[in-house]
Amino acid sequence: MTMSFAANRARGEIRVRYEKHGGITRPLRLFETGGLRLRHPRAFQGCVGMIVNSAGGIAGGDHLRLAIEAEEQSELVIATPAAEKIYRARDKAAMLDLSLVLAPETKLAFLPQETILFDGAALSRRLDVTMANDASLLLVETLVLGRLAHGESAISCDFRDSWRIRRGGRLVFAEESRIEGPLNRTFDQPSLGHGRRAMAFLLAVAPDAEARLESLRARLAPFEPACPHGVSAWNGMLVARLMAASPEVLRCALLAGLGLWRDDIARLWL
């Protein structure tokens with residue numbers, strides 16, 4: 001008799017609500033399940049939440065959910081203590097759902113470290129943001145295609161990313177991305193990656209976002225040509241896209257750019 005067993009699938013969820021009381025932002029309610037935990041180190045200035053995945057990575061079939069709600073005038077940073085690794089998927093893709101809700105006059109920075117796609121990884125990720133007109137959001141996403149430190153560059157994967165941002169009840173940003181198949185055929189082309197396997201997306205949605213355009217360009221300019229990038233601003237949003245052959249070079253450029261908002265990002269990402 002032959003018996004087969006389905007691989008264990010991880011389920012994890014964080015639901016947290018922050019409030020500002022007496023000039024201090026703190027978690028009001030926190031729910032954690034599975035391998036996801038949210039910690040608030042005292043070593044940082046202000047309210048900083050660190051998302052910890054005790055599983056050490058995400059495998060095919062895993063489903064993780066993050067729901068973060070910030071009440072009026074809250075000021076907080078959400079980060080991760082390490083890069084997130086997406087392992088090879090045997091059958092089903094992993095799923096990651098992220099929901100952010102920003103009340104009036106809220107300031108939220110969501111600054112995770114890199115997402116590293118291993119060969120054969122499959123991930124479907126969804127981001128939904130609902131924010132007030134006068135709220136401020138700073139968001140960074142870094143993607144590394146392959147374990148470059150191990151010389152793994154010719155990989156194949158299936159990565160899907162869906163972003164929706166609503167401000168004042170109106171959809172202001174929507175993006176659908178997909179990376180699939182053998183990546184060397186795509187990202188070795190001069191018009192696309194030209195061999196670069198590390199990329200980042202920086203997005204600021206805030207009343208003062210457009211005013212920071214030239215300052216951000218000036219901070220990123222010294223990293224050309226090792227880290228080509230583009231920066232633009234419109235409708236209260238500031239967007240930067242960066243690429244590099246090395247994740248270390250990309251991180252240095254990001255730290256310089258993010259220094260426009262906070263000067264302690266390097267400590268967050270140690």
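The values are calculated or read from the model by the stated rules, or taken from the named source; none is laboratory data. Since the model is a prediction, treat every value here as computed from it, not as a measurement. Cβ sites come from the backbone with ideal geometry, for glycine too, and all protein chains shown count toward neighbours.
Can you spot a residue in region 35-47 that is modelled with pLDDT of 95 or more, in contact with a Phe, Trp or Tyr (Cβ under 6 Å, 6 or more places away or on another chain), closer than 23 Å to Arg262 by Cβ and surrounded by 14 or more Cβ atoms within 10 Å (Cβ to Cβ)? Break it down stepwise before answering.
First, the residues of region 35-47 that are modelled with pLDDT of 95 or more: 36-40, 47.
Now restrict to residues that are in contact with a Phe, Trp or Tyr (Cβ under 6 Å, 6 or more places away or on another chain): none.
For region 35-47, residues modelled with pLDDT of 95 or more, in contact with a Phe, Trp or Tyr (Cβ under 6 Å, 6 or more places away or on another chain), closer than 23 Å to Arg262 by Cβ and surrounded by 14 or more Cβ atoms within 10 Å (Cβ to Cβ): absent.
Under 7 Å between Cβ atoms, at least 6 apart or on separate chains: pull out the pairs that start in region 227-252 with a residue that is farther than 21 Å from Asp208 by Cβ and end on any residue that is hydroxyl-bearing (Ser, Thr, Tyr).
Filtered contacts from region 227-252: Leu250/Thr142.
Go over the candidates Gln73, Gln113 one by one and state the one that is among the polar types (S, T, N, Q) and in contact with a Lys or Arg (Cβ under 7 Å, 6 or more places away or on another chain).
Numbers: Gln113 fails: in contact with a Lys or Arg (Cβ under 7 Å, 6 or more places away or on another chain).
After ruling out the rest, the residue left standing is Gln73.
Confirm whether Glu180 is among the acidic types (Asp, Glu), closer than 24 Å to Ile86 by Cα, surrounded by fewer than 18 Cβ atoms within 10 Å (Cβ to Cβ) and modelled with pLDDT under 90.
Values: among the acidic types (Asp, Glu): yes; closer than 24 Å to Ile86 by Cα: yes; surrounded by fewer than 18 Cβ atoms within 10 Å (Cβ to Cβ): yes; modelled with pLDDT under 90: yes.
Yes: the conditions hold for Glu180.
All but one of (1) free of Cβ contacts under 8 Å to residues at least 24 places away in the same chain; (2) over 30 Å from Phe159 (Cα atoms) hold for Thr25; state the number of the condition that does not hold.
(1)
Quick one: in region 121-168, which of the residues that are of a type in the set (Gly, Ala, Ser) and under 19 Å from Asp62 (Cβ atoms) is surrounded by the fewest Cβ atoms within 10 Å (Cβ to Cβ)?
Filtering region 121-168 down to residues of a type in the set (Gly, Ala, Ser) leaves 121-122, 124, 132, 135-136, 146, 149, 151, 153-154, 156, 162, 168.
Now narrow it down to the ones that are under 19 Å from Asp62 (Cβ atoms): 121-122, 124, 162.
On the way: Ala121: 26, Ala122: 23, Ser124: 17, Ser162: 15.
Filtering first and then ranking leaves Ser162.
Answer yes or no: is there a residue in region 16-30 that is closer than 22 Å to Ile165 by Cβ and within 16 Å of the chain's Cα centre (by Cα).
no
Check region 25-43 and report whether any residue there is more than 18 Å from Gln113 (Cα to Cα), out of contact with any helix residue (DSSP H, G or I) (no Cβ under 7 Å at 6 or more places or on another chain), of a type in the set (Val, Ile, Thr) and not in a loop (DSSP other than H, G, I, E, B).
Yes, region 25-43 contains a residue that is more than 18 Å from Gln113 (Cα to Cα), out of contact with any helix residue (DSSP H, G or I) (no Cβ under 7 Å at 6 or more places or on another chain), of a type in the set (Val, Ile, Thr) and not in a loop (DSSP other than H, G, I, E, B).
Taking only region 235-259 into account, find how many residues are part of a loop (DSSP other than H, G, I, E, B), touching a strand residue (DSSP E or B) at 6+ places or on another chain (Cβ under 9 Å) and not hydroxyl-bearing (Ser, Thr, Tyr). Give the steps one after another, and end with the answer.
The initial filter retains those residues of region 235-259 that are part of a loop (DSSP other than H, G, I, E, B), namely 235-236, 245-246, 259.
Subsequent filtering for residues that are touching a strand residue (DSSP E or B) at 6+ places or on another chain (Cβ under 9 Å) retains 235-236, 245-246.
Filter once more, keeping what is not hydroxyl-bearing (Ser, Thr, Tyr): 235-236, 245.
So the answer is 3.
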